[in-house]
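Trainee: Right, I'll just put the structure down here and ask away after.
The values are calculated or read from the model by the stated rules, or taken from the named source; none is laboratory data. Because the structure is a prediction, the values reported are computed rather than measured. Counting neighbours? That spans all protein chains shown, and the Cβs are built from the backbone with ideal geometry, glycine included. Side chains are part of the model used for accessible areas, which takes the heavy atoms of the whole protein and leaves out ligands, DNA and RNA. Shrake-Rupley method; radii C 1.70, N 1.55, O 1.52, S 1.80 Å.
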Amino acid sequence: MKIVRIFTDIKIDDCYIWSVIYDNEYTDEFNRLFDLWTNVEYLRAFFTEHIKDLQADFWNNLSIRSAVLKTIREAEDFEDMITDIEHGLPWKGISSIKQIFRPLDNREYLDKTYQKQKARPQNNLPFLRLYGIRLADDSIIVTGGAIKLTEKMDGRKHLMAELRKIERVKSYLNENEIIYLEDLITI
Amino acid sequence: MSEIRKKLAELSNGESSMWAGKARLRSENRIWLKKSQAIAFEVLEALDEKGLTQKKLAAMMKVTPQFINTIVKGNVNLTLETISRLEKALGIQLISIVTFETGIAKRTQKVSAKLKKSSDRKAA
């Protein structure tokens, strides 16, 4: 496993968002996800596999074609938002990338160190999610992401896999003593 | 610099994500990517309907399966030749071009529709 920075044209000191390259993957998670979310073949296969979720009341029997188009448009907006924010262009009052992440568990309201986090585009009822871990200095490590069609994560293999990734990255951070560094942070 | 960020920088060993450059390219090329994505979807639908594999389509078009695979991902700037050959191989229309003749026909249709609406309102 490796950690990589996502933005290279800003100083490390201003670098709040990082990504993970898992063993046997061709690229880091952040890059891999946006490759997938703009890949028509992948999206069509994904929504064909999860067609029952699209047919549920919540999505009002959305067609596979519409779901593919919605995902691509969301990915575009998500990329634009992240890029603009990171380069100092405020987006609907959001001035820092760490502000788009919030606790993964909807029952938690406050951001905490080492907490599981999620981010999503600002579109109405978005499919897309990024998942990560918030560190003591408010850095976010993006551990993965997914297309979420259901209210809860349990019951969907691809979403449960994201939770396992978060735990793997936590172990990695622990092994590399990052978790202990929070004691050195002067707030 | 925070100790955590120092440590993350060390762990990253100077390596960075490929995402930013690709995101910029996607943004700059959005205008034709939309069309490439739409074509990709139609090709995949047609393959399913006709019970064809990408490999079979590649053989019909005398191209490599890898080339067909890049097409169905929807991120290739396709030439008119490739689009035409896809249409022929799959027996579908992927794009329609507004020609001089069809442009006039469309404008004539719009004017006729407006006139009809106006005379319907008068009759009512």
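Trainee: Would you mind working out the magnitude of the charge dipole of region B:12-102 relative to its Cα centre, with +1 at each Lys and Arg C-beta and -1 at each Asp and Glu C-beta, to the nearest 20 Debye?
Mentor: So the dipole magnitude of region B:12-102 works out to roughly 220 debye.
Trainee: Can I ask one more? Which whole-number percent is the relative contact order of chain B (Cα, under 8 Å, 6+ apart)?
Mentor: About 22 percent, as a whole number.
Trainee: Restrict the search to region A:128-174; then list the GluC sites (Glu not before Pro) that DSSP places in a loop and that have at most 14 other Cβ atoms within 10 Å of their Cβ.
Mentor: For GluC sites (Glu not before Pro) across region A:128-174 that sit outside H, G, I, E and B with at most 14 neighbouring Cβ atoms in 10 Å, the list reads A:Glu151.
Trainee: Right, next: For A:Tyr26, A:Tyr109, A:Tyr131, write out the residues from largest to smallest accessible area, computed with a 1.4 angstrom probe and no ligands counted.
Mentor: Sorted descending by solvent-accessible area, the residues read A:Tyr109, A:Tyr26, A:Tyr131.
Trainee: Trypsin sites (Lys or Arg not before Pro) within region A:70-167: which are DSSP loop residues with at most 12 other Cβ atoms inside 10 Å?
Mentor: A:Lys92, A:Arg107, A:Lys112, A:Lys152
Trainee: Distance in nm between label sites at A:Arg164 and B:Gln66, each 7 Å beyond Cα in the beta-carbon direction?
Mentor: Rounded to a tenth, the inter-label distance reads 3.2 nm.
Trainee: If each of A:Trp91 and B:Ile31 carries a label point 7 Å out from its Cα toward its Cβ, how far apart are those two points in nm?
Mentor: 2.3 nm
Trainee: Which residue, chosen from A:Ile6, A:Ala67, A:Thr143, occupies the Cα position most advanced towards the positive end of the dipole of chain A, where the dipole is computed from +1 (Lys, Arg) and -1 (Asp, Glu) charges on Cβ about the Cα centre?
Mentor: Final value for the positive-end residue is A:Ala67.
Trainee: Keeping every protein chain in place, order A:Glu76, B:Glu3 by accessible area at 1.4 Å, biggest value first, i.e. largest first.
Mentor: B:Glu3, A:Glu76
Trainee: Quick check for me: using +1 on Lys/Arg Cβ and -1 on Asp/Glu Cβ, what's the dipole size of the protein assembly as shown about its Cα centre, in debye to the nearest 20? Write down the numbers at each step before the final one.
Mentor: Numbers: 51 positive and 44 negative charges, 383 e Å.
The calculated dipole for the protein assembly as shown is roughly 1840 debye.
Trainee: Post the alpha-carbon centroid distance, region A:110-161 to region B:60-85, in whole angstrom.
Mentor: Centre-to-centre (Cα) distance: 35 Å.
Trainee: Taking springs between alpha-carbon atoms closer than 10 angstrom, which of B:Ala20, B:Ala59, B:Ala46 fluctuates most in the Gaussian network model of chain B?
Mentor: The residue with the greatest mean-square fluctuation here is B:Ala20.
Trainee: Additional query: Antiparallel as a % of all DSSP beta bridges within the protein assembly as shown, to the nearest 5?
Mentor: About 85 percent, rounded to the nearest 5.
Trainee: If you take the charge dipole of region A:14-59 about its Cα centre, with +1 on Lys and Arg Cβ and -1 on Asp and Glu Cβ, which of A:Leu36, A:His50, A:Trp18 is farthest toward its positive end?
Mentor: Result: A:His50.
Trainee: Any idea how far apart B:Leu52 and B:Glu81 come out in nm if each label point goes 7 Å out from Cα toward Cβ?
Mentor: 1.9 nm
Trainee: Continuing with this model, one more query. With unit charges on the beta carbons (Lys and Arg positive, Asp and Glu negative) and the dipole taken about the Cα centre of the protein assembly as shown, which residue among A:Pro103, B:Trp32, A:Met81 sits farthest to the positive side?
Mentor: B:Trp32
Trainee: Rank B:Ser36, B:Ser96, B:Ser16 by mean-square fluctuation in a GNM of chain B with C-alpha springs under 10 angstrom and give only the top-ranked residue.
Mentor: B:Ser16
Trainee: Now a separate question. For region B:6-36 and region A:35-56, compute the distance between their C-alpha centroids and round to whole Å.
Mentor: 23 Å
Trainee: Please build a GNM for chain B, connecting alpha carbons under 10 Å apart, and tell me which residue among B:Asn77, B:Asn29, B:Asn13 fluctuates the most.
Mentor: Residue with maximal mean-square fluctuation among B:Asn77, B:Asn29, B:Asn13: B:Asn13.
Trainee: Another one. Under 8 Å for C-alpha pairs, at least 6 residues apart: give me the relative contact order for chain A, rounded to a whole percent.
Mentor: Values: 258 pairs, mean separation 32.0, N = 187.
Relative contact order here is 17 percent.
Trainee: Full extension from B:Leu115 to B:Phe100: what is 0.36 nm times the residue separation minus their Cα-Cα distance, to one decimal in nm?
Mentor: Gain in length upon complete extension: 3.1 nm.
Trainee: Using amide H atoms built 1.01 Å from N in the peptide plane, name the residues 5+ places from A:Leu104, or on other chains, whose amide H lies under 5 Å from its own.
Mentor: Residues meeting the criterion, in which the H sits 1.01 Å from N, are A:Lys116, A:Gln117, A:Lys118.
Trainee: Right, next: Probe radius 1.4 Å, ligands and nucleic acids left out: which of B:Ile71, B:Ile92 has the largest accessible area, and how do the rest follow? Each step should come with its number before you reach the end.
Mentor: Details: B:Ile71 0, B:Ile92 45 Å².
Heavy-atom accessible area, descending, gives B:Ile92, B:Ile71.
Trainee: Name the trypsin sites (Lys or Arg not before Pro) in region B:11-97 that are in a loop by DSSP and that have at most 14 other C-beta atoms within 10 Å, would you?
Mentor: Those satisfying the criteria are B:Lys62.
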